[in-house]
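The values are calculated or read from the model by the stated rules, or taken from the named source; none is laboratory data. Predicted model only: the values in this text are computed from it and were never measured. Neighbour counts run over all protein chains shown; Cβ positions are idealised from the backbone, glycine included. Please note that ligands, DNA and RNA were not included when accessible areas were found on the heavy atoms of the full protein model with its side chains. Shrake-Rupley method; radii C 1.70, N 1.55, O 1.52, S 1.80 Å.
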Amino acid sequence: MARITFIQPDGSENAVDAEPGMTVMEAAVKNSVRGIAAECGGACSCATCHVYVEEEWREATGEPEAMEEDMLDFAFDVRPESRLSCQIRVTDELDGLRVRIPEKQF
Amino acid sequence: MSVDVIKTDAVIIGAGPVGLFAVFELGLLDVKAHVIDILDRPGGQCAELYPEKPIYDIPAIPIVTGQQLTDQLMEQIEPFGAEYHFNERVDTIEKIEDGFRLVTDCGTQFECKVVVIAAGGGSFTPKRPPLPGIEAYEDTSVFYSVRKMDAFKDKDVLIVGGGDSALDWTLNLQPVAKSLTLVHRRSEFRAAPASVQKMMDLVDSGNISFKLGQVTTLHGDNGQLTGVTVKSPDGSTFEQPTDIMLPFFGLTMKLGPVANWGLNLEENLIPVDTAKFETSEKGIFAIGDINTYPGKLKLILSGFHEGALMAQAAHRIVYPDKKLIFQYTTSSSNLQKKLGVK
Ligand SMILES: Cc1cc2nc3c(=O)[nH]c(=O)nc-3n(C[C@H](O)[C@H](O)[C@H](O)COP(=O)(O)OP(=O)(O)OC[C@H]3O[C@@H](n4cnc5c(N)ncnc54)[C@H](O)[C@@H]3O)c2cc1C
Ligand code: FES
């Protein structure tokens with residue numbers, strides 16, 4: 001079990017429990033976390049599951065692969081810490097992960 | 001605008017996999033169809049959202065990509081000679097004496113006996129960047145598609161994005177516009193390598209300029225853009241003067257005109273019965289992702305089944321005096337003639 005905290009643009013936080021193997025997007029959707037639209041259901045084809053990974057977790061979550069980097073072109077306000085949450089797989093090592101939700105998914 | 005009315009048995013709204021297979025099922029029963037889609041090609045979600053991704057749950061096809069499925073459906077329905085109207089959106093459906101009249105955003109008019117709504121998740125529409133105040137500039141300075149290139153003559157044009165649409169329009173508008181600037185967040189492009197090369201050549205020859213960054217703010221007033229603020233990857237910002245901005249950030253599905261057709265809706269879906277897949281209006285059917293009924297699954301497989309049953313009911317409306325005899329494609333020489341295999 002890994003605990004993941006989603007930080008809303010207004011600073012409020014939702015902490016949820018995620019099973020290893022599921023994606024960070026799925027953990028958000030399953031717990032009705034606001035601001036993760038995930039229109040394509042995790043197929044890396046919509047960019048509406050965009051999150052900013054907090055600095056101290058960037059190494060553990062790793063860099064986006066080429067397909068994800070391409071899809072990030074369709075997200076808004078992309079930053080070096082941007083990831084598509086459907087492409088981050090939950091592991092025990094990610095227990096405590098903190099990600100911020102952007103102002104807008106589009 | 002054409003004033004001629006196209007008369008046909010059935011109009012299928014949406015050329016996604018389910019709309020395409022409906023051509024087949026209707027065709028076997030001699031119901032002629034026209035297919036309309038706002039996209040510029042067939043395939044719906046399969047072609048637009050996941051052309052290269054594999055689908056594993058089409059019966060008897062262990063693996064097929066979204067594009068392959070579309071191509072194979074087009075091949076399978078080819079014998080029925082359906083006519084396709086791409087880049088057109090059905091805006092209105094009106095009940096007339098002997099069926100329905102449909103009008104598209106291009107003014108094309110259809111008269112038909114049955115309407116098959118296979119609109120999936122709704123019309124594909126360009127994504128609007130969430131830039132404050134962008135609505136005020138839309139259709140005067142900000143455009144999501146190009147209908148007339150002449151509109152950009154002698155203008156400073158800014159194109160934002162790094163996909164095929166952004167690059168295609170960069171190449172097409174460069175000779176027309178006074179100046180052209182392409183802004184993209186990184187120096188890699190997800191587009192046809194040949195277009196990327198042509199774009200680079202135009203940059204090298206000084207005919208267009210390319211700037212790295214993301215647009216953060218729009219400037220101007222009264223719907224007339226004067227410039228934008230761009231944030232570079234290093235965090236610094238600069239102003240880019242421009243008359244026109246064309247953002248290309250892909251497409252998203254919006255219900256669109258379906259909501260205005262006077263049909264019962266449940267959470268943006270059209271409730272249907274599971275014998276005929278007919279809506280609250282007799283003669284208007286809804287199949288595929290757009291419909292809902294107890295137990296509904298948004299699967300291509302389910303949409304195909306819905307099309308087969310819908311076609312039986314549509315046949316009864318188009319040919320009220322003919323009795324339908326159940327036939328197999330394997331053994332019926334009549335069906336095989338229609339398929340062009342006999
Ligand atoms: C990433 C992803 C993976 C998927 N994987 C699978 C899978 O493995 N197996 C499976 O069975 N399903 C899968 N699906 C779901 C499947 O793609 C859909 O069930 C299927 O596309 C529905 O087909 P459809 O023809 O009903 O609608 P769509 O494919 O949505 O097509 C509808 C078309 O109608 C057009 N339209 C809508 N309104 C109008 C209008 N007013 N005028 C003109 N045109 C209009 C739209 O532009 C669109 O092209 C997946 C979906 C996604 C996004
Ligand atoms: S859910 Fe669509 S890209 Fe992640």
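Worth pointing out:
- With a requirement of 3 or more residues that are open to solvent by 30 Å² or more (accessible area, probe 1.4 Å), the strands (runs of 3 or more DSSP E) lying completely within the range B:207-256 that satisfy it span B:209-212, B:214-221, B:224-231, B:237-241, B:251-254.
- Taking every residue in the range B:293-310 that is without any contact (Cβ under 8 Å) to a residue 24 or more places away in the chain and pairing it with any residue that is near ligand 1 (Cβ under 9 Å from one of its atoms), at least 6 positions away or on another chain, the pairs with Cβ-Cβ distances below 7 Å are B:298/B:289.
- Residue B:304 vs. criteria within 30 Å of residue A:78 (Cβ to Cβ), away from every other protein chain (no Cβ under 14 Å) and either of a type in the set (Phe, Trp, Tyr) or touching a His at 6+ places or on another chain (Cβ under 6 Å) (or both): no
- Among the residues of the range B:33-53, those identified as outside any loop (DSSP other than H, G, I, E, B) and either within 7 Å of ligand 1 (Cβ to nearest atom) or within 14 Å of another protein chain (Cβ to nearest Cβ) (or both) are B:36, B:37, B:44, B:45, B:46, B:47, B:48.
- Matching residues in the range B:39-98 - criterion: being polar (S, T, N, Q), more than 14 Å from the chain's Cα centre (by Cα) and open to solvent by less than 40 Å² (accessible area, probe 1.4 Å): B:65
- Contact map, the range A:78-106: first residue more than 20 Å from residue A:47 (Cβ to Cβ) and away from ligand 2 (no atom under 13 Å from the Cβ), second residue among the acidic types (Asp, Glu) and open to solvent by less than 50 Å² (accessible area, probe 1.4 Å), Cβ cut-off under 6 Å, separation 6 or more or different chains; pairs are A:98/A:54.
Here is a yes/no grid of residues against (1) open to solvent by 30 Å² or more (accessible area, probe 1.4 Å); (2) touching a His at 6+ places or on another chain (Cβ under 8 Å); (3) more than 10 Å from ligand 2 (Cβ to nearest atom); (4) under 22 Å from residue B:298 (Cα atoms):
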site: A:19; (1), (2), (3), (4): yes, no, yes, no
site: A:26; (1), (2), (3), (4): yes, no, no, yes
site: A:29; (1), (2), (3), (4): yes, no, no, yes
site: A:32; (1), (2), (3), (4): yes, no, yes, yes
site: A:35; (1), (2), (3), (4): yes, no, yes, no
site: A:46; (1), (2), (3), (4): no, no, no, yes
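- Test: residue A:66 is within 13 Å of chain B (Cβ to nearest Cβ) and either among the aromatic types (Phe, Trp, Tyr) or open to solvent by less than 40 Å² (accessible area, probe 1.4 Å) (or both): no
- Within the range B:213-224, residues that are away from every other protein chain (no Cβ under 14 Å) reach partners that are surrounded by 13 or more Cβ atoms within 10 Å (Cβ to Cβ) and not in a strand (DSSP E or B) with beta carbons closer than 6 Å, at six or more positions or on different chains, in the pairs B:223/B:136; B:223/B:137; B:223/B:140; B:224/B:141.
- In the range A:1-50, the residue that is nearest to the chain's Cα centre (by Cα) out of those that are farther than 23 Å from residue B:124 by Cβ and acidic (Asp, Glu) is A:26.
- Segments classed as helices (runs of 4 or more DSSP H), wholly inside chain A, with at least 2 members that are within 16 Å of ligand 1 (Cβ to nearest atom): A:24-30, A:66-72
- Test: residue in the range B:126-145 that is at positive phi, out of contact with any strand residue (DSSP E or B) (no Cβ under 7 Å at 6 or more places or on another chain), open to solvent by 60 Å² or more (accessible area, probe 1.4 Å) and in a loop (DSSP other than H, G, I, E, B): yes
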